[in-house]
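Asker: What follows is a structure written as structure tokens; I'll ask about it next.
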């Protein structure tokens, strides 16, 4: 049976790669993409739904499929305030999870962050950790959080801090071995491939670090 995928945050770095990979994958016959602004996809498998996330309850009937992928995320600087950041990186992924669970979506795969911890003194990491914690309270057949390190790839928006991070991380990537392996920078396409693999394999764990994503992405469905 071919499946229907749901993608939230499809215009971001990983999300855009994920949509393309899902559309190429024979496991999926339909890819439902929820965007604030129309992207006008040309692939016939992609069904785009323009959504107002401030009125998410109006779209409950659209949250139906087999595998849901949440790639929503922003930065404190772009959000403009801690409150707005928390809405995007915590509240929305949790709300989407609740709706998908109610609609019997079996699998939920969420992008979090390396170092996510509900007790962290870092606001960004604490918000991610709380998101993970609260989604775990929701019932799914399969649930997974991917925790990539520094993301590589061509982002549509410019992030100065990310650029500085890349300039620092890329030269030392080969030095990060052993316990430091999970801190290696990882390309967005690898994360996207791994997310699809994770959604279609038996899971005995909740969290997947960057080094694990790199290994999983190399396997075949």
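Asker: Calculate for the chain the 222 nm mean residue ellipticity that helices alone would give, adding -39,500 (n - 2.57) per DSSP H run of length 4 or more and normalising by residue count, nearest 500 deg cm²/dmol.
Answerer: Working: 8 runs with 78 residues, N = 221.
When only DSSP H runs of four or more count, the value is -10500 deg cm²/dmol.
Asker: Would you compute, for the Cα atoms of the chain, the largest minus smallest coordinate along each principal axis and list the three values in descending order, in whole Å?
Answerer: Over the chain, Cα extents along the principal axes are 46, 40, 34 Å.
Asker: When only alpha-carbon atoms count, how far does region 1-94 stretch along each of its three principal axes, as whole angstroms with the largest first?
Answerer: In descending order, the Cα extents are 43, 26, 21 Å.
Asker: Please arrange 203, 131, 1, 150 by counting, for each residue, the other beta carbons lying within 10 Å of its beta carbon, fewest first. Kindly include the intermediate steps, with their values, before the conclusion.
Answerer: Values: 203 14, 131 27, 1 5, 150 17.
The most exposed by this proxy come first: 1, 203, 150, 131.
All of the numbers you see were taken from the coordinates with simple rules; none came from a lab. Remember, it's a predicted structure, so these values are computed and weren't measured experimentally. All Cβ positions, even for glycine, are placed from backbone atoms using ideal geometry, and neighbour counts span all protein chains on display.
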